[in-house]
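Have a look at the structure below before the remarks.
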Amino acid sequence: SLDDAGDGGFAENTIFTSETNADLLLNATREIASDLTLDATGGGNIRKNRYEETNVSVSKLTVPSLFSIDNAAVTALPDDWLSEREVRSLYGSVSLNYGGYLNLDLTGRNDWSSTLPEGQNSYFYPSVSTAFVFSDVLDLESNLFSSGKIRASWTRVGNDAGPYQLSAVYNAQDPWGGTPMFSVPNALPNINLKPEETTAWEVGADLGFFNERLGFVLTRYDRSTKNQILAVQVSRASGYTSQRLNAGE
């Protein structure tokens with residue numbers, strides 16, 4: 001609610017958000033030996049994110065029900081925010097298939113993020129996975145058992161920080177006696193942030209019975225993230241209430 005609501009008031013908020021991607025992708029497929037097929041992909045990406053928000057509020061009107069900034073009986077309170085981020089990436093993948101029953105996939109990607117400090121804004125994350133359809137090789141199909149596959153994978157994924165966590169971004173406050181005022185953020189910035197890193201592995205089996213009318217999926221997996229970027233509480237005597245750290249796992 002706005003102050004002096006009996007005199008009328010209003011707020012106007014405008015939000016603009018965009019994501020722009022530029023991609024280059026090359027793909028090749030070749031049979032490199034009998035029953036052995038190779039698929040290879042390589043490319044790059046540039047992603048730009050922009051968020052812009054503008055807000056103005058008027059708590060008292062000169063003429064009731066005329067919702068215009070020109071009709072403000074008190075000083076209008078503006079507020080705006082601009083956030084930009086850019087991530088550049090190179091990536092590639094190789095897939096090998098033998099006989100239609102054995103598959104091996106390898107991937108790799110490297111990102112460079114504008115939200116991390118120079119020298120630590122590059123992070124690489126690979127993955128490897130394989131699948132083996134043993135029912136095709138061992139000729140186990142019957143009226144009871146129709147298909148069987150075992151699979152395994154390992155992956156590591158990186159993640160950057162949000163924009164403007166490396167240095168202080170001052171916030172505009174209501175003027176005092178006509179004098180502009182700004183405040184420092186409550187979170188102490190950290191110029192040494194590192195990217196988050198998530199590592200996971202998985203093994204499992206897919207089993208089909210009665211001509212695929214009945215199926216079972218068995219999976220065991222583990223996933224952990226380290227260097228999580230968190231706002232950790234610090235003493236208020238420092239002038240801040242928290243600090244951005246790679247503190248979580």
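The values are calculated or read from the model by the stated rules, or taken from the named source; none is laboratory data. Worth saying up front: this structure is predicted, and the values here are computed from it rather than measured. Because the Cβ atoms are built from the backbone with ideal geometry, glycine has one as well, and the counts that use them run over all protein chains shown. Areas reflect the complete protein model, heavy atoms only, side chains present, ligands, DNA and RNA absent. Shrake-Rupley method; radii C 1.70, N 1.55, O 1.52, S 1.80 Å.
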ask   = To the nearest 20 debye, what is the magnitude of the charge dipole of the chain about its Cα centre, counting +1 on the Cβ of each Lys and Arg and -1 on the Cβ of each Asp and Glu?
value = 680 debye
query = Leu104: net charge of surrounding residues, Cβ under 13 Å, Lys/Arg +1, Asp/Glu -1, itself excluded?
reply = -1
request  = Determine the order of Phe134, Phe124 by accessible area, beginning with the largest, at a probe radius of 1.4 Å.
outcome  = Phe124, Phe134
message = What distance in nm lies between label points placed 7 Å from Cα along the C-beta direction at Asp35 and Ser68?
response = 8.2 nm
message = Tell me the label only: which of [x] 29, 21, 18; [y] 29, 25, 18; [z] 55, 23, 20 is semi-axes √(5λ) of the Cα gyration tensor in Å as calculated from this structure?
response = [z]
ask   = So which aspartates and glutamates can Lys194 reach, going by Cα to Cα under 15 Å and dropping same-chain residues fewer than 8 places off?
value = Asp111, Glu118, Asp160, Glu249
ask   = Counting Lys and Arg as +1 and Asp and Glu as -1, what is the net charge of the other residues whose Cβ lies under 14 Å from the Cβ of Val133?
value = -4
ask   = Who wins for biggest fluctuation among Leu230, Leu82, Leu138 in a Gaussian network model of the chain, springs between alpha carbons below 10 Å?
value = Leu138
message = Apply the a/c threshold of 1.5 to the C-alpha gyration tensor of region 144-249 and tell me whether it is rounded, prolate or oblate.
response = prolate
